[in-house]
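Student: Quick one: the structure is below, and I'll ask about it shortly.
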Amino acid sequence: MLREEAKDHCMMTATNDVCDDHRHPRWDVLPTNIIVGSSHEKHLALALLKGTITPSAQELQQIIPFVQNEILKQAIELQIMDTRETRCFFGKPEDFSLDLAALRSRFKEFCGAPPVEDAYRFPNREIVQGVQKFNRAYREYLAAKKDVNLLEREEVKDALKETDSLNEIWDLVRDARCESYYTHVRRRALKRLLESIGPEAFYSSALPPGVPLWRFKSID
């Protein structure tokens, strides 16, 4: 039950008057000195983020004030929140449930995702911009060719799809390297990049070209 879960995750020794009725768990009877404390706060904050305990909305309004700072701290350390977002969470008691649900969703989404530091495996913004500029120019060339050369239309369509797919990958690199983006946005890009190019290419920083070079014809 809720109170037993709290006891497990907070590593606290509860007295009989706190845990005597497991059928109706109530956070409001937990003494403040049981919840507050560096180790207790950390375990409770992590349990709330992971969803291993699920207080009601009313119970959250009583719990959050004691562990709000620790939840935000753990969310930042877990890289599911940017430091610039702290003002956006747990500002109003009536929003505590929604705010916690949002962080839990991120925790689940980014479980096993690359850390934001992995972005530095890949080219910087200036290089990415150059690659994508060439991609757009090549796409314009293909689009014009498709309307003129009817005999090669299907081949050109395939080349356009490949060009767009490659640009999507470089979009992810751009988003991952953009330091003005929030941490979870950059990690989402890294996660999708890992899924797109595979672990071997990702961890060896082996990105595909910006355009389908295999479509280029050599000139003797």
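The values are calculated or read from the model by the stated rules, or taken from the named source; none is laboratory data. Every value quoted in this text rests on a predicted model; they were computed, and no experiment measured them. Please note: Cβ atoms are built from the backbone with ideal geometry, for glycine as well, and neighbour counts cover all protein chains shown.
Student: Kindly indicate whether F134 is under 20 Å from T183 (Cα atoms), hydrophobic (A, V, I, L, M, F, W, C), in the same structural domain as D175 (by TED's automatic domain parsing) and out of contact with any Cys (no Cβ under 6 Å at 6 or more places or on another chain).
Tutor: Numbers: under 20 Å from T183 (Cα atoms): no; hydrophobic (A, V, I, L, M, F, W, C): yes; in the same structural domain as D175 (by TED's automatic domain parsing): yes; out of contact with any Cys (no Cβ under 6 Å at 6 or more places or on another chain): yes.
So F134 does not fit the description; no.
Student: To continue, here is another question. Among (1) surrounded by fewer than 16 Cβ atoms within 10 Å (Cβ to Cβ); (2) within 16 Å of R125 (Cα to Cα); (3) of a type in the set (D, E, K, R), which single condition is K161 missing?
Tutor: So the condition that K161 fails would be (2).
Student: Kindly check whether there is at least one residue in region 108-115 that is part of a helix (DSSP H, G or I) and either free of Cβ contacts under 8 Å to residues at least 12 places away in the same chain or surrounded by fewer than 19 Cβ atoms within 10 Å (Cβ to Cβ) (or both). Walk me through how you get there before you give the answer.
Tutor: Let us first name the residues in region 108-115 that are part of a helix (DSSP H, G or I), namely 108-109.
After this cut, where a residue has to be either free of Cβ contacts under 8 Å to residues at least 12 places away in the same chain or surrounded by fewer than 19 Cβ atoms within 10 Å (Cβ to Cβ) (or both) as well, the list is 108-109.
Yes, there is a match, as at least one residue in region 108-115 is part of a helix (DSSP H, G or I) and either free of Cβ contacts under 8 Å to residues at least 12 places away in the same chain or surrounded by fewer than 19 Cβ atoms within 10 Å (Cβ to Cβ) (or both).
Student: Is it true that some residue in region 116-125 is of a type outside the set (A, V, I, L, M, F, W, C), in contact with a helix residue (DSSP H, G or I) (Cβ under 8 Å, 6 or more places away or on another chain), over 30 Å from C88 (Cβ atoms) and outside the structural domain of A102 (by TED's automatic domain parsing)?
Tutor: Yes, region 116-125 contains a residue that is of a type outside the set (A, V, I, L, M, F, W, C), in contact with a helix residue (DSSP H, G or I) (Cβ under 8 Å, 6 or more places away or on another chain), over 30 Å from C88 (Cβ atoms) and outside the structural domain of A102 (by TED's automatic domain parsing).
Student: Might you check whether a residue that is assigned to a helix (DSSP H, G or I), in contact with a Pro (Cβ under 7 Å, 6 or more places away or on another chain) and at pLDDT below 95 occurs anywhere in region 150-170? Break it down into steps so the answer makes sense when it comes.
Tutor: Applying the first criterion (assigned to a helix (DSSP H, G or I)) to region 150-170 yields 150-170.
Checking the rest, the ones that are also in contact with a Pro (Cβ under 7 Å, 6 or more places away or on another chain) come to 159, 162-163, 166, 169.
Still in the running and at pLDDT below 95: 159.
Looking through region 150-170, at least one residue is assigned to a helix (DSSP H, G or I), in contact with a Pro (Cβ under 7 Å, 6 or more places away or on another chain) and at pLDDT below 95.
Student: Among residues belonging to region 60-102 that are under 14 Å from H184 (Cβ atoms) and part of a loop (DSSP other than H, G, I, E, B), point out the one that is nearest to the chain's Cα centre (by Cα).
Tutor: The selected residue is I80.
Student: Go through E195, E140, E154, E179 for me and flag whichever is acidic (D, E) and surrounded by 12 or more Cβ atoms within 10 Å (Cβ to Cβ).
Tutor: E195
Student: For region 165-197, what are the residues that are under 21 Å from the mean Cα position of the chain (by Cα) and more than 17 Å from F110 (Cα to Cα)? Walk me through how you get there before you give the answer.
Tutor: If we filter region 165-197 for residues that are under 21 Å from the mean Cα position of the chain (by Cα), which is where we start, we get 168-197.
Residues satisfying the conditions are E168, I169, W170, D171, V173, R174, R177, C178, E179, S180, I197.
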